[in-house]
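**Q** Handing you this structure, nothing more for now.
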Amino acid sequence: MKLYSNSLYIVSTPIGNLDDITIRAIEILKKSDIILCEDTRRSLTLLNHLKIKKKLISYHKFNEKKQIAIAIEHIKKGKILSLVSDAGTPLLSDPGRLLVNECIAEGIRIIPIPGVSSITAAMTASGFKDKFLFYGFLPKTENELDKVLRALSEFQYSQVFFIPGLKVNFYLRKFKKYFTGRKLMIGKEITKIHENFLRNDIDKFQLLKNSLKGEITMVVSSTEKKIIKFNEEKIINKAKKYLKKYSLKDCVDLIMETEKINKNKIKNHIVISKFIGY
């Protein structure tokens, strides 16, 4: 296999099962002079499994800007550099974008070595329609999360998210609010011994009794329903006016008389979240 100097190899690595690595990826790692990796300890576990000894340089979101110049210098000297993430395909919710863009600006060749991705693994196991949107990690704060999910709920496609297992119920509650009527699959420990997929209609999904370890992948199904857009400011103003005189129920009924909007959508998006607080 011929390798090119003055190039950066983007190498996909296993997301759990260490045997899920391509022959080409193994050859690239064997012939690399330097391997850039998020966590040298995680990458060392893989390299020991493959019986490969190479120089590892830590490259993560906290030192990315600092390491770019060093990486570019090595490449220009003719070294063969590979970039790996802790698991899966680099740059997809992982560091590397700044380095790739700098390489492009410097005329350095980018060579992707495709392989494992929890995104495609989860989609194939979901059974949902294959036109999908990948978002990655959602915001951690409630206000920002509401804003993002409100926008994403307008898309009819399947959607893939990464979620910290310890906060699975926090996000599940929000999914039930914004993706009502759809299906949900939660993938945990994908490709590992305790791999498991939880599936149900999102409205019937019960909160989990125990939090999950590590990062999990959640996939929301597409919807056949026509997404009806509405003027949120207009609804808010009406709600403010009606809530001064009427109960929550009457307020919603009055708004529905003039606006062609699902009752739950009014309550979830406007009245409850912005005025009632529960």
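**Q** Name the residue, out of ASP146, ASP94, ASP86, that is in the same structural domain as ASP20 (by TED's automatic domain parsing), closer than 30 Å to THR223 by Cβ and surrounded by 15 or more Cβ atoms within 10 Å (Cβ to Cβ).
**A** None of the other options fit; the residue is ASP94.
**Q** Which of the residues belonging to segment 32-70 are touching a strand residue (DSSP E or B) at 6+ places or on another chain (Cβ under 6 Å) and within 21 Å of SER7 (Cα to Cα)?
**A** Of everything in segment 32-70, those that are touching a strand residue (DSSP E or B) at 6+ places or on another chain (Cβ under 6 Å) and within 21 Å of SER7 (Cα to Cα) turn out to be SER32, ILE34, ILE35, LEU36, CYS37, SER43, LYS54, LYS55, LEU56, ILE57, TYR59.
**Q** Looking only at segment 165-202, count how many residues are in contact with a Gly (Cβ under 7 Å, 6 or more places away or on another chain) and either part of a loop (DSSP other than H, G, I, E, B) or among the aromatic types (Phe, Trp, Tyr) (or both).
**A** Count: 5.
**Q** Another question, then. Limited to segment 211-235, what total is found for residues that are farther than 15 Å from MET123 by Cα, within 22 Å of the chain's Cα centre (by Cα) and either at pLDDT 95 or above or outside any strand (DSSP E or B) (or both)?
**A** Final tally of qualifying residues: 5.
**Q** The conditions are (1) farther than 30 Å from SER32 by Cβ; (2) free of Cβ contacts under 8 Å to residues at least 40 places away in the same chain, and GLU102 fails exactly one of them. Which is it?
**A** (1) is the only condition that GLU102 fails.
**Q** Something else about it: Quick check on my filter: what residues within segment 100-121 are charged (D, E, K, R) and in a strand (DSSP E or B)?
**A** Answer for segment 100-121, where residues must be charged (D, E, K, R) and in a strand (DSSP E or B): just ARG109.
**Q** Suppose the filter is under 16 Å from ILE35 (Cα atoms) and surrounded by fewer than 17 Cβ atoms within 10 Å (Cβ to Cβ); does PRO112 pass it?
**A** yes
**Q** Please verify whether ALA125 is hydrophobic (A, V, I, L, M, F, W, C) and buried (at least 17 other Cβ atoms within 10 Å of the Cβ), treating the condition exactly as stated.
**A** No; evaluated as a whole, the condition is false for this residue.
**Q** May I pose another question? Step by step: first the residues of segment 150-179, then only those that are small (Gly, Ala, Ser) and over 20 Å from LYS213 (Cβ atoms), then the one that is surrounded by the fewest Cβ atoms within 10 Å (Cβ to Cβ). Which residue is that?
**A** If we take residues in segment 150-179 being small (Gly, Ala, Ser) and over 20 Å from LYS213 (Cβ atoms), then ALA151 is surrounded by the fewest Cβ atoms within 10 Å (Cβ to Cβ).
**Q** Moving on to the next point. Filter segment 65-99 down to residues that are within 20 Å of the chain's Cα centre (by Cα) and in a helix (DSSP H, G or I), then give me how many there are.
**A** 2
**Q** Do we find a residue being assigned to a loop (DSSP other than H, G, I, E, B), more than 27 Å from PHE137 (Cβ to Cβ), among the basic types (Lys, Arg) and at pLDDT below 80 anywhere in segment 254-261?
**A** Yes, segment 254-261 has at least one match.
**Q** Take the residues of segment 180-197 that are of a type outside the set (Asp, Glu) and surrounded by fewer than 16 Cβ atoms within 10 Å (Cβ to Cβ): which is farthest from ASN17 (Cα to Cα)?
**A** By that ranking, first place goes to GLY181.
**Q** Can you name every residue in segment 1-55 that is over 26 Å from the mean Cα position of the chain (by Cα), modelled with pLDDT of 95 or more and of a type in the set (Ser, Thr, Tyr)?
**A** Listed by number, the list holds a single entry, SER32.
The values are calculated or read from the model by the stated rules, or taken from the named source; none is laboratory data. These numbers come from a predicted model, not from an experiment. Virtual Cβ from ideal backbone geometry, glycine too; neighbours counted across all protein chains shown.
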